[in-house]
Amino acid sequence: MAAVSVLGVPRRGLAWVVAGAPRRELWSRVREEKKPVVTETLEEVKKEPILVCPPLRSRTYIPPKDLQSHLESCVKEIFGSSAPSNWQDVSLEDGHLKFSFLSRLADDLGHAVPNSRLHDMCRVRDVLDFYNVPVQDRCKFDELIASNLPPNVKITWGY
């Protein structure tokens, strides 16, 4: 690189001296004019909770008494006239119809088929069997406490 001398100050490359001040001093003036960040706003942000965990969702499910009639009406509504007379033998091979049917039931009944069981749902009969099973939201320790234990077995939580 060639050395450049401007106003008697030797500089290398493209470093310029404008009106007797080097480039660094010009940019530092702009930085000095900026106002410092107010710390009060930072303290306000710290006071508010950043993450709020949603309440735990209960997974308890009790099948309704009119489950078969509800499923039959959903089958007739979603599958239309293509549904055979035996509505439990309707195939769920079409992905769009299967999604529509299962999402509608999940909204209506408040209980969805988990992803790990979706491949098992091949016919409406499989869906009916799934929704006929009640689900209790209790851990094994709660079930043991509620059961009749022998007198020499005790379950304590705080240890």
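Structural remarks
- Subset tally (residues that are in contact with a strand residue (DSSP E or B) (Cβ under 8 Å, 6 or more places away or on another chain) and in a loop (DSSP other than H, G, I, E, B)) for the stretch 105-121: 2
- Cβ-Cβ distances below 7 Å connect the following pairs, each with a first residue in the stretch 136-148 that is of a type in the set (Phe, Trp, Tyr), a second residue that is exposed (fewer than 10 other Cβ atoms within 10 Å of the Cβ), and a separation of six or more residues or different chains: PHE141/ILE155.
- Looking across the stretch 122-157, the residues that are of a type in the set (Ser, Thr, Tyr) and either open to solvent by 80 Å² or more (accessible area, probe 1.4 Å) or part of a helix (DSSP H, G or I) (or both) come down to TYR131, THR156.
The values are calculated or read from the model by the stated rules, or taken from the named source; none is laboratory data. As the structure is a prediction and not an experimental result, all values here were calculated from the model. Every residue, glycine among them, receives a Cβ derived from its backbone with ideal geometry; neighbour counts consider all protein chains shown. Accessible surface areas use protein heavy atoms only, side chains included; no ligands, DNA or RNA. Shrake-Rupley method; radii C 1.70, N 1.55, O 1.52, S 1.80 Å.
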